[in-house]
Amino acid sequence: MWQDHDSDVVAGGLLSSNTTQLRNTWSVTANGDETQVLAEAGHQHTATGWLETSEGRVLTTVDRVLTYSSTHAFGAAENPDALGSNWRDVETRTVLADSAEAEERKNDRRYQVDGQISLDEDDRLTTSIVLHDSLISEVTSAQRVLSRVHVSHGYMGKASWTINVPREERNATGTSSVRFQVRWDAGNGNGACFDRHIRSRNGYVVSDRQRC
């Protein structure tokens, strides 16, 4: 809800609104023992509206683009079996007021999932996974960056064990790594950052580092 303390009533309206058709495609290819399933999707919405405020008219345009892609590849008897997927969500808001330069606020969010499972000739079963999400949030005006925030959060894990043997002979191992980063720039030379990276092996933390 828009609030203007100097106006009893704030008039406004929608000037335009457009939503694209949902794009959703997929294909399957086979090459020998390997099969690949490719999928892609996308969607976009753009809207422009106005408000009559006590400081003049304000025009706002919001644009949002969503995209997705994935590759699922697997061999004979689903060995190996791998899936990689990526999502992206880009939101841009442009505000133009009578008494100021146009200001653009952009949020670029990305998400990633990559995983694989395989079984070798020695009956060693191995699974691995990579998870990552990030955000870049930026405010600009008159081609000048007013503020910028970059957030990154990633995880990598790998585990393996020998199948078809008694539990005491499985020789299970597991490693993981997680890292969280935040970098902030105020646009005037000031800023801050946080960076922490933790690694583990077989359930024990082997490294815990903080930088910045």
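The values are calculated or read from the model by the stated rules, or taken from the named source; none is laboratory data. Nothing here was measured: the structure is a model prediction, and the numbers come from that model. So basically every Cβ, Gly included, is an ideal-geometry build from the backbone, and we count neighbours across all protein chains shown. Ligands, DNA and RNA are stripped out before the accessible areas are found, and what is left, the full protein with its side chains, is counted by its heavy atoms. Shrake-Rupley method; radii C 1.70, N 1.55, O 1.52, S 1.80 Å.
Using a Förster radius of 22 Å, what is the FRET efficiency between Gln143 and Thr46 based on their Cβ-Cβ separation? Nearest 0.05, please.
Here the calculated transfer efficiency is 0.50.
How big is the charge dipole of the stretch 57-212 about its Cα centre, in debye rounded to the nearest 20, if each Lys and Arg gets +1 on its Cβ and each Asp and Glu gets -1 on its Cβ?
Dipole magnitude for the stretch 57-212 comes out near 620 debye.
If you count only protein heavy atoms with a 1.4 Å probe, what accessible area per residue comes out for the chain, rounded to a whole Å²?
I get 68 Å² per residue for the chain.
Which one of Ser141, Ser85, Ser70 has the biggest mean-square fluctuation once the chain is modelled by GNM with Cα springs under 10 Å?
Ser141
For Ala102, what residues show an amide H to amide H distance below 5 Å, using hydrogens built from the backbone and excluding near sequence neighbours?
For Ala102, whose amide H was placed from the backbone, the distant partners under 5 Å are Ala142.
Roll a 1.4 angstrom probe over the protein heavy atoms and tell me the percent of accessible area of the stretch 1-147 that is carbon or sulfur.
The value for the stretch 1-147 is 50 percent carbon and sulfur by accessible area.
Step through the residues of the stretch 56-64 one at a time and calculate ³J(HN,Hα) from phi using the Karplus curve (6.51 cos²θ - 1.76 cosθ + 1.60, θ = phi - 60°), rounding each to whole Hz and writing x for Gly and Pro.
Going residue by residue, I get x, 7, 10, 9, 10, 10, 10, 10, 9 Hz, with x marking Gly and Pro.
Grab every C-alpha pair in the stretch 149-208, bin the distances at 10 angstrom width from 0 up to the longest one, and report whole percents.
20, 30, 23, 15, 8, 4, 1
Classify the chain from the C-alpha gyration tensor, please: rounded if a/c falls under 1.5, else prolate or oblate depending on whether a/b exceeds b/c.
Oblate.
For Arg57, tell me the accessible area in Å² from a 1.4 Å probe, rounded to the nearest 10.
90
GNM, the chain, Cα, under 10 Å: largest mean-square fluctuation among Leu131, Leu59, Leu22?
Leu22
Using a 1.4 Å probe and ignoring any ligands, DNA or RNA, find the accessible area of Val10 and quote it in Å² to the nearest 10.
Ignoring ligands and nucleic acids, Val10 comes out at about 50 Å².
Using r as the Cβ-Cβ distance of Thr35 and Asp123, and R0 as 22 Å, what FRET efficiency do you calculate, to the nearest 0.05?
According to the calculation, E is roughly 0.40.
Please work out the Kirkwood hydrodynamic radius for the stretch 45-136, using every pair of different C-alpha atoms, and report it in angstroms with one decimal place.
The answer is 16.8 Å.
With r defined as the distance between the Cβ atoms of Asn188 and Asp208 and R0 fixed at 35 Å, what FRET efficiency is calculated, to the nearest 0.05?
Here the calculated transfer efficiency is 0.60.
Run the quick spin-label model on Glu55 and Arg179: label points 7 Å from Cα toward the beta carbon, then report their separation in nm to one decimal.
If labels sit at Glu55 and Arg179, their model points lie 4.1 nm apart.
How would Glu52, Glu169 line up by accessible area, probe 1.4 Å, largest first? List each step's numbers first, then the result.
Details: Glu52 70, Glu169 105 Å².
Heavy-atom accessible area, descending, gives Glu169, Glu52.
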